[in-house]
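Input: a single structure, listed below in structure tokens.
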Amino acid sequence: MLGLGPIAFAAPWVLTALAALPVLWWLLRVTPPAPRTIQFPAIRLLRDLIAREETPARTPWWLLLLRLIVAALIILALAGPLLNPRAALPGGGPLLLVIDNGWAAGRDWPTRKRTMDELIAQADRLQRPVILLPTAAPADGQPIHASAVLPAPEARRLAQAIVPLPWPTDRAAVQEALKAVAIQTSGRGSIHAVWLSDGIGDRQAAALAAGLQRLGSADVLDDSAEHPPHLLLPPSSEGTALTARVVRADPSKPEPVTVRLAAADGRLLTRQTVTFEPGQKVREVRLDVPTELRNDAASLRVEGDTTAGATVLLDERWRRRPVGLASGRSEGESQPLLSDLYYLERALSPYNEVRRGETLDLLKRDLAVMILSDIGALTGTEVQDIEDWVKKGGVLVRFAGPRLAQHADTLVPVRLRIGDRALGGALSWSEPARLQPFPPKSPFEGLAIPPDVQVNRQVLAEPALDLADRTWARLADGTPLVTSQKRGDGWIVLVHTTASPDWSNLPLSGLFVDMLRRLVALSGGVTGTAATASLDPVEVLDGTGRLVPPPPTAFPIPGNAAADVIGPRHPPGFYGTDDARRALNLSAAVTTIDPLPAMPAGVGRDGYGGRGEVPLKPSLLAAALALLSIDLLIALALRGLLRPPSLRRGAGGAAAGLVLALALSSAPQPVRALDQDKAVKVTAETYLAYVQTGDSSVDDTARAGLEGLVSVLGLRTAVEAAGAVGVDPEQDELAFYPLLYWPVSDRQKTLSDQARQRVNEYMRNGGTILFDTRDQAPGGGPAVLQRLVQGLDIPPLAPVPQDHVLRKSFYLLTDFPGRYAGGQLWIEAREGPANDGVSSVVIGGNDWASAWAVGRNGQPLFAVIPGGERQREIAYRFGVNLVMYALTGNYKADQVHVPAILERLGQ
């Protein structure tokens, strides 16, 4: 490599071609052989002519200089110039690239990939081999290993296949792989290692850097200062709100962070921005969502941080689950404070969707939990339907009471004694009972029990061998307060006291709310799955935090799997079925992150953006191409082949000018300033025109409709229409257009006297106007048309007769639908010999432009009602007939006489 200050050349030998530039100069100055001189007397006649143009004897010097510059630029480009070239790589052995491609690397992967390419290109220029060593476990489950010692071109192809993966790196395994690298490169010289880190530190980071340094020399690249990594922890539910926690690695400086809550289809439900203060590593973000949108939430993401760790997928566990309430007592209907359901609804409604009703009615809708308060024996149908629902994953919670104490059915977790135990009764205790601490296997484990919670009355369970295993809460004397039984995929839970304060003050405490929330959390939502069932991958997160179809290497997870299973076989994502999804989030296993620690002495540390080597080859080739284009234009101009377009206008332009002159000379009104270029354009070719209403949506539809009709005309007829043009009757000349489409809009202003005169002249001199009242579209209607046509010379009108030319000018038509069908089409009642029998006015209301309109991709812009695409085809045929009618007059009417004429000739 040859260096000249801030510029270096990767192939300096190419610069020797600059020595050939003088030879090229001489070659370019070579002129053709001199012409022979022949004495011819007639040439004397030309002696006195003044030479208007001279041909140079040789190429002008400035053109020669331009071509030499082009040649020099090409030579310099081929020499591979580099601006701010990097220093030569240390050592003389292979280049080892250690690439962090775990979850944290996805936030700025293009920059890391570009750095890889630049380092491999530098090794290629120095003719040094390359070794690649990713630090995340491969997706195929193989152990982490380094590549073979590869030539730079092969290493570049292999590097293109490295992508970020949605699980953590394994730097301990990388250190084991370095032992194989040391053996593999023995005798190849000193290795230079570059660690492209993700900015996340762990216990193995410093040891890995030291291991790389032992191979020769080492540099560490870290972009955590410019693009700090974040970790988004699964949120907690607080009423209708979700509270998430954002964790960052480096708490040294303030930093704003935005969290987005989105639906499964990508809709943004809400976003919230918070700011980290210096020294703050964890920041809570509260996202308030309306109740009707809460259950649409599918993901939480840190905005701008494209990693699996900054993404949390939400399943049924974070949705407001529907809970059904039914009671066997009606004494609280007039006095809510005496009702069991009052206390249940007050405790559940902030966190769940609460529904009241009869048991069978509640089961007709999606339901996660059903709570029955003091309902005794159920009917056979109710028992069967509820039991089937429980086996599919539902949770049935029953509260005791006088009815259940006397008439228990089979939908209870334990056998009950008939009757109840009350304070002062036969089976009683001397004072109200308090609760024991909840056992470890209970879903209530960890809840604080207020000392004032007391139970005065309960239903007792019959002693059984498995009673202790089924008990989730006990009173101080050891009797069960809450029992449960697993049935199928669901649960049956019995609270041995009432849901009202009749038997206990538990419903008046905060513990009652917490216990109910834990019971609701037992359900799998409205689409719950078995806790032990195997869940197939449905969608998984890739290394950039996007949901993608699962790869063949993804395996099912157990239904009770924790987040620690995340890895190549079980990437984070959705598991289960499309209807019953379970979210497996990376941040449930990785709960904290730290910055990279200080590196050992002698290990370089830099950022990804600090490597400013810029290849100049593309810029030089682009400049050479631009100068070659200029040279081509100059050569064409010198040969006389590049003349202004105005001098090369053919007969079409002359004809256009003639028509324009005739139009201007025949106009009786004062001469107006016209757009000459536009006038020449629309008279050189046939254009269809529409009246600009001032309503942008109506005008855009009219233009798109006429453009669509022009395309159909070009495909089906001999009409060669060039396009559609918008006109303003207040200032534009209308005589250039055979047909004028006028969509009626209430936003259009009333015509001035000058505009009315212009429109009347257009109709008298052979123009045809299609007034489209757009009866079923907003802003249209006959009333608007009456306002717009005041002062216009509108002749008497009549519906189109069955034998009219408009029905057969190209297609045979019986109706004239547009976007809408029905309605009447009106034309002049008496079409005289003037204007070749063509009606100057056609009025209808079927919104034809919307039926004709197509987008840039050729697809229709609006649906047609009610006939679908067949109706759109008839609308196109009407447009074709209308254009043929306006252009050709009533010649088709004469065709009806052909049979009679032929018959007479035969006679």
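Okay, here's what the table says:
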item: P(r) tail fraction, the stretch 685-906 - alpha-carbon pairs more than 21 Å apart, %; result: 53
item: For Lys113, solvent-accessible area (1.4 Å; no DNA, RNA or ligand), Å²; result: 50
item: Candidate lysines - alpha carbon under 17 Å from Lys253, same-chain residues fewer than 8 apart omitted; result: Lys281
item: Shape of the stretch 561-604, Cα gyration tensor, a/c cut at 1.5; result: prolate
item: Calculated Rg and Dmax of the stretch 67-189 using C-alpha coordinates, Å; result: 17.4, 61
item: Of every Cα-Cα pair in the stretch 333-399, the percent that sits beyond 14 Å; result: 62
item: Cα-based reach from Lys808 at 23 Å (exclusive), listing lysines while leaving out same-chain residues under 8 positions away; result: Lys892
item: Rounded to 5, the percent of DSSP beta bridges in the stretch 322-524 classed as antiparallel; result: 45
item: Kirkwood estimate for the stretch 151-257, i.e. one over the average of 1/r between Cα atoms, Å; result: 17.2
item: Alpha-carbon radius of gyration plus Dmax, which is the widest Cα pair, for the stretch 394-521 in Å; result: 13.6, 41
item: Computed Kirkwood radius, in angstrom, where 1/r is averaged over Cα pairs of the stretch 64-134; result: 15.0
item: Residues of type aspartates and glutamates that Lys179 reaches as a straight line, Cα spacing below 16 Å, ignoring anything fewer than 8 places off in the same chain; result: Asp170
item: Solvent-accessible surface (1.4 angstrom probe) belonging to Ile630, in square angstrom, nearest 10; result: 80
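The values are calculated or read from the model by the stated rules, or taken from the named source; none is laboratory data. A quick note: this is a predicted structure, and the numbers were derived from the prediction, not measured. With ligands, DNA and RNA removed, areas are computed over all heavy atoms of the protein, side chains included. Shrake-Rupley method; radii C 1.70, N 1.55, O 1.52, S 1.80 Å.
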